[in-house]
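Chemist: One structure, as structure tokens, below. Some questions next.
Where a number appears in this text, it was derived from the coordinates with a stated rule and is not lab data. Source: prediction; values computed, not measured. Heads up, the Cβs are rebuilt from the backbone with ideal geometry, glycines too, and the neighbour counts pull from every protein chain shown.
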């Protein structure tokens, strides 16, 4: 992922602190919806547009205002035409605060073997996760499923709060 052109977001949620890097707002919106089913928000760290919490609705209106299309059209467009960008976005999820990302990258740069790089990511993740809500694990699984073109790539988020349907 080209870090220079990506926006770094904090994933606002009720469990562990996570960050995510995203290249485009439409991908951020879809990733936020798929990771949290409206229960999370993406707050930019620095420049960027916030993807708000959609717990009580508003996603349709926000999507129409930002992208001038229906929510289903945006999700379909991103999951098809920008599938690799979405997978990269999911793979960029990292447990911890923004300042933790450099320490993670420093360790990762020392590893050439792709399998060992994945082991480093998993170890980093498992040692820092305190919640049963495994946002990072779900994100990594969705990235893998997207890349293998599985039609049902979404790993559902657990319901964490009361929701109005």
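Chemist: Going out from 0 in 5 Å bins, what whole percent of all Cα-Cα distances in region 67-123 drops into each bin?
Modeler: 4, 15, 18, 19, 13, 10, 11, 8, 2
Chemist: Give me the angle, in degrees from 0 to 90, between the Cα long axis of helix 71-81 and the longest principal axis of the Cα atoms of the chain, rounded to the nearest 10.
Modeler: 40 degrees
Chemist: Calculate, for residue 131 and residue 64, the FRET efficiency according to 1/(1 + (r/R0)^6) with r their C-beta to C-beta distance and R0 35 Å; round to the nearest 0.05. Present the calculation step by step, with values, prior to reporting the outcome.
Modeler: On the way: r = 33 Å, r/R0 = 0.95.
Taking R0 as 35 Å, the efficiency between residue 131 and residue 64 is 0.60.
Chemist: Another question about this same structure. Quick one: which of 109-115, 145-151, 34-40 comes out on top by average Cβ neighbours within 10 Å, and what's the full order, highest first?
Modeler: 34-40, 145-151, 109-115
Chemist: Let me ask something else about it. Volume per residue, Å³, of the convex hull around the alpha-carbon atoms of the chain?
Modeler: Cα convex hull per residue, to the nearest whole number: 116 Å³.
Chemist: Take the alpha carbon gyration tensor of region 31-76, find the square roots of its eigenvalues, order them as a ≥ b ≥ c, and report rounded if a/c is under 1.5; if not, report prolate when a/b exceeds b/c, else oblate.
Modeler: Oblate.
Chemist: Another one. Sort out for me the Cα centre separation of region 31-53 from region 133-151, rounded to whole Å.
Modeler: 18 Å
Chemist: Which value at 222 nm does the chain reach when only helices count, each DSSP H run of 4 or more adding -39,500 (n - 2.57), with the total divided by all residues and rounded to the nearest 500 deg cm²/dmol?
Modeler: Calculated from helices alone, the mean residue ellipticity at 222 nm is -14500 deg cm²/dmol.
Chemist: Taking the Cα atoms only, what angle lies between the long axis of helix 100-109 and the longest principal axis of the chain, rounded to 10 degrees?
Modeler: Value to nearest ten degrees: 50.
Chemist: Measure nothing fancy, just the Cα-based angle from helix 135-147's long axis to the longest principal axis of the chain, in degrees from 0 to 90, nearest 10.
Modeler: 80 degrees
Chemist: Provide Rg over Rh for region 1-56; use the alpha carbon set for both Rg and the Kirkwood Rh (inverse mean inverse pair distance).
Modeler: 0.94
Chemist: Using mean Cβ contacts within 10 Å as the protection proxy, how do 97-105, 52-60 order, highest first? Please report the intermediate quantities before stating the final value.
Modeler: Details: 97-105: 12.9, 52-60: 15.1.
The most tightly packed comes first, giving 52-60, 97-105.
Chemist: OK, next. Once the piece of chain linking residue 151 and residue 109 is laid out straight, how much longer is it, given 0.36 nm per residue of separation minus the C-alpha distance between them?
Modeler: Contour length minus Cα-Cα distance gives 11.8 nm.
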